[in-house]
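Report on the following structure.
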There are 2 protein chains.
Amino acid sequence: MGEFDLIRRYFTRPSPGAVVGVGDDCAILQTAPGMQLAISTDMLVEGRHFFSDVDPHALGHKALAVNLSDLAACGARPLAFTLALALPSADGAWLRPFSAGLWELADAHGCELIGGDTTRGPLNLCITVFGEVPGDAAGPARTQALLRSGAQAGDDVYVSGTLGEAALGLQHLQGRLQLDALAAAACRARLERPTPRVALGLALRGIASACADVSDGLLGDLGHILERSAVGAQLDDAALLACCPWASSGMDAQHVRDCVLNGGDDYELVFTAAPEYAAAVTAAAHASGTPVRRIGRIDALPGLRVVDSAGQAMAASRQGFDHFAPADARPRSTAP
Amino acid sequence: MGEFDLIRRYFTRPSPGAVVGVGDDCAILQTAPGMQLAISTDMLVEGRHFFSDVDPHALGHKALAVNLSDLAACGARPLAFTLALALPSADGAWLRPFSAGLWELADAHGCELIGGDTTRGPLNLCITVFGEVPGDAAGPARTQALLRSGAQAGDDVYVSGTLGEAALGLQHLQGRLQLDALAAAACRARLERPTPRVALGLALRGIASACADVSDGLLGDLGHILERSAVGAQLDDAALLACCPWASSGMDAQHVRDCVLNGGDDYELVFTAAPEYAAAVTAAAHASGTPVRRIGRIDALPGLRVVDSAGQAMAASRQGFDHFAPADARPRSTAP
């Protein structure tokens, strides 16, 4: 199978939402007047972000999911994506399930594949995704997108869904932890088929003061919000533990806490909102069918503190995954 | 150096043209009312698209140049790009010249870096570039972009600049061909620092009936125009040879012809225009400071024919580079 056959067979479908889709030098998108295009790109490398023997259907899902999660974190409606793919060979037995996993998630979000690139090389997937957010009537340099920079002292801090399960699933796959069959299946599904919180992101427009997706671990990603908003935060330990459904199953609390704070690969949203929006946050969670939990509050004092039920400060260890930090200092949750 | 240090040090600059640039989950671009966004993505893999010991400054230039060339082929004005980068390590001695080469070309085209991703892995560069083209008053599903699909029987076929030099430069580097010092320097510069024909692409809006960039070889890329326009073409052998400035330097004519037709990595534009636009094509070439040469004409008979000065058909051998074709059938010009 040649390059153009490969594109035609697995990655070409009509894209009625685009002026020009796959097959020309560029794709052409037109957004409605007053709408802005949100753009994000994520690269997944074999042996770094996924195991060599990962189910290709799950990989197709995840490659797009991690990008949709960035749109969700901005409150953007998915429109389209491009796919650049380096492959050791053009293997239909791999490409068929990979493209099926990709299309299923793309179709679920009405997100059209409009172009890309394929080449031979070590397995590497690079997706760039495009979403639409309304512009702000206050001017062209303003946006209604959810940014990392809007958190203010006094805001509540929330997370969606569950945290730490992807890390537990990885540890189980690596043989570093023994989960029972139920927990293993649930945690592995979260690792391999994360759910981008697109509907919640859309519902939080005009409500959340800041938002990010939890890809590198809660401490790291909330840390980005704190840094860009020039604020600090205090998190409740009990609320953090409650973010992991397996905290009460006899697992060591410190281990669960570490997975919740530093696990990475959760693709949930962490966001802030003023206390007067608490009911609106609840309504957004209901409307989008996404569980949301308050885990603490923003304060003016820089840094991030975790407090126990008596209000005593606990140590908050690492600060999110860094691909280029020394390996011994910051182990990667998803690296083999 | 950590991931966020790496981004801050080498890949963060103000991007006043974007609503949101580097540092949030998504970049946000707003194009003017009636304008469309042209989007293209290209991935460059070590050992496949460039040698491991390539000058990083030249690589930074080329990684962006091959993407800008796609915008040029659509007649789009460069706006912004994202960069996804897999690196074996965060090495400042490599990143400094790489980012300098990238910024120099980006600045020359007013193209802002608005986001991306960095990860550890086998060296891989994936750029997605965004350009602006006017919408068409005839409706939102129309565009003023130059597409591959508009060539008509009777149109003239043109190419910009020179063809075959990048292939000669590669063969010289590989020791498969001995060029004199002058030719070697010129051909190597064309291989390592291609010139995206952005100004010509802009000048050809409303003049060219179809356009593509020559990245995989003239036969392959013109072949895309013929296929999508459902036409054929006849090319003049003498005009093809004249596209390579080294054709008259005693080199074997068949070898030069092969480099011109199949060389790849030229990043020139191949385009078609109705005969009544011949003067407008010349004016566009002058206005953009880009040499343009007529090499043949479009006809209704499918396929591509090369004719000699007596009008006799010659064999047109290969049809452009395919990354997944068997290696013995279609050698890659730029693979080691």
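Derivation of every value follows stated rules applied to the coordinates shown; laboratory data play no part. The structure displayed is predicted, hence computed values, not measured ones. Cβ sites come from the backbone with ideal geometry, for glycine too, and all protein chains shown count toward neighbours.
Computed values, structure above
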quantity	calculated
Calculated label separations, B:A310, copies of the chain, 7 Å along the beta-carbon direction, nm	10.3
Within 10 Å of each Cβ in A:140-150, the average number of Cβ atoms from other chains	4
Chain B: angle of helix B:218-229 to the longest principal axis, Cα-based, in degrees nearest 10	90 degrees
Helix A:56-74 vs. chain A, principal-axis angle (Cα, 0 to 90°, nearest 10)	60 degrees
Cysteines without a disulfide-compatible partner [the protein assembly as shown; Cβ-Cβ under 4.7 Å]	A:C111, A:C187, A:C211, A:C243, A:C244, A:C259, B:C111, B:C187, B:C211, B:C243, B:C244, B:C259
Listed residues A:A72, A:A280, A:A167, most fluctuating in chain A (Gaussian network, C-alpha, under 10 Å)	A:A280
Region B:3-143: Rg to Rh, with Rh as the Kirkwood radius over Cα pairs	0.99
Extension gain, B:A153 back to B:T12 (0.36 nm per residue minus Cα-Cα distance, nm)	45.9 nm
Relative contact order computed over region A:156-314 (Cα-Cα under 8 Å; 6+ residues apart), in percent	42 percent
Sequence of A:S248, A:S288, B:S40 once ranked by neighbouring C-beta atoms within 10 Å, starting from the fewest	A:S248, A:S288, B:S40
Distance from region A:202-232 to region A:266-287 (C-alpha centre basis), Å	12 Å
Column: log10 I(q)/I(0), Debye, Cα scatterers of chain B, q = 0.07, 0.13 Å⁻¹	-0.29, -1.00
For chain B, built as a Gaussian network whose Cα springs stay under 10 Å, the top-fluctuating residue of B:R193, B:R77, B:R142	B:R142
Extension gain from B:R193 to B:A141, taking 0.36 nm per residue of separation minus the Cα-Cα distance	15.1 nm
Mean Cα-pair separation over length for chain B, i.e. relative contact order, pairs under 8 Å, 6 or more apart, %	22 percent
Most mobile listed residue (B:P140, B:P245, B:P122) in chain B, GNM with C-alpha springs under 10 Å	B:P140
Label-reachable residues, region A:80-98, where backbone N falls under 11 Å from a point 7 Å from A:M1's Cα toward its Cβ	A:89-98
Shortest-first nm distances, A:R176 label point to equivalent points in other copies (7 Å, Cα→Cβ)	4.6
Kirkwood hydrodynamic radius of region B:177-244, Cα pairs, Å	14.6 Å
Other-copy label distances relative to B:D299, 7 angstrom Cα-Cβ extension, nm	8.3
Per residue, the convex hull volume that the Cα atoms of the protein assembly as shown enclose (Å³)	151 Å³
Per-selection metrics, region A:156-314 (Cα): Rg and Dmax in Å	15.2, 46
DSSP-assigned coil residues among trypsin sites (Lys or Arg not before Pro) in region B:173-217, each with at most 11 further Cβ atoms within 10 Å	B:R176
Projected label distance in nm at B:A108 and B:A283, using a 7 Å step from Cα toward the beta-carbon	2.8 nm
